[in-house]
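Report on the structure given below.
Values quoted throughout were computed directly from the atomic coordinates according to the rules given, and no laboratory measurement underlies them. On a predicted model such as this, the values are computed, not experimentally measured, just so you know. Note that each Cβ is placed from the backbone with ideal geometry, even for glycine, and that neighbours are counted across all protein chains shown.
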Amino acid sequence: MVIEMSTDIREFIKDKKRIVIKIGSSSLQHKESGDLDYTKMEVLVRELCNLRNQGKDVILVTSGAIAVGKKAIGLNKLEQEAGHLGVKQACAAVGQARLMMIYQKIFAEYNQVAAQILMTKDTIVNNFNRQNAKNTFTELLNMGVIPIVNENDTVATYEIVIGDNDTLSAIVTGLTRADLLILLSDIDGLYTDDPRTNPEAEFIEVVEKVTPEHMQMGKKSTGSNVGTGGMNTKMVAAHIATNVGADMIIANSSDIRIIHRLMDGRKIGTLFKAQNNPEFNMVEYVKNLHH
Ligand code: GLU
């Protein structure tokens, strides 16, 4: 269900120049089988290419490495649950390559060059790594390439793990100075409480400034069980993205064409307004993130 609160338009969204779009595993898989939803991937890629064709810089943050790897290797449910970190990391190694193969194939159909960037917390916290990553993003975007980002799950042990792609996408937004972050999720946006358990929960159309109350609202919801991102991580993302000066929108991925509707300025999802807080130090914030 797509919630549209009113018919007037968020005009300023049309002028966004550099957009980070994050999609989670639960949005890319068929619920029943856990297999990839190629139709959704196809529509996603088409939407991204179309934004690129409008002259906008586009970055995709996608998960799915571990989920795709598990499927490819054919682990059963018990083995998956018993799986320690090494198993997950092996799955990610297989799955990330597969995921990219599929993305590359679809991007190529639209004559669009795509690249892979895998990151960990170290990429941000370490000054050399951060500068290098930043340069790479800049060059790729100058070349008109669409970077496809994920956490480097194969090497990210707990000391250097970011842990979820909501946070990662906000970090990428800060690193690349993007002006809009779109989090595609299995929920319409932010509610005052978890709408799955509380029918009284009210939808929030705009968040002028992320407050401790919003962070608290996020903590109450656990989100889906496929990806790692519930509302909690989305609020962390909102905190980072708005403080580095980007607007952020949470919107429902049930119909991926929501991307162009959002970019047309239609009032869908929850908009978190940019703060541009010069006192916010993203590197310090990331350093202190605990997963
Ligand atoms: N990086 C993980 C993966 O690709 C997922 C993280 C997330 O879902 O937030 O499997």
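Rg and Dmax over the alpha-carbon atoms of region 152-215 stand at 15.1, 43 Å.
Computed from the alpha carbon positions, the gyration tensor of region 15-55 leads to an equivalent ellipsoid with semi-axes of 25, 11, 5 Å, biggest first. Exposure proxy ranking for Met235, Met263, based on other Cβ atoms within 10 angstrom of each Cβ and starting from the fewest, stands as Met263, Met235. Projecting the Cα atoms of Gln104, Gln216, Asn198 onto the charge dipole of the chain, computed from C-beta unit charges around the Cα centre, puts Gln104 farthest toward the positive end.
Semi-axes of the equivalent ellipsoid for the chain, computed as √(5λ) from the eigenvalues of its C-alpha gyration tensor and ordered from largest down, come to 26, 22, 21 Å.
Once you reduce region 227-291 and region 17-69 to the center of their Cα atoms, the two points are 16 Å from each other. Translational diffusion coefficient of region 111-204 (Stokes-Einstein, Kirkwood radius from Cα pairs, 20 °C, 1.002 mPa s): 140 µm²/s.
Taking one equal scatterer on every alpha-carbon of region 228-291, how large is log10 of I(q)/I(0) by Debye at q = 0.23, 0.24 1/Å? Values, matching the q order: -1.01, -1.05. Shape summary of region 127-262, radius of gyration then Dmax from alpha carbon positions: 15.8, 49 Å. Of the peptides 149-161, 205-217, the order by per-residue mean of other Cβ atoms within 10 Å, starting with the highest, comes out as 149-161, 205-217. Per residue, the convex hull spanned by the Cα atoms of region 26-148 measures out at 109 cubic angstrom.
Go ahead and set up a Gaussian network model of the chain, Cα springs under 10 Å, then flag whichever of Thr233, Thr173, Thr138 fluctuates most. Residue with maximal mean-square fluctuation among Thr233, Thr173, Thr138: Thr138.
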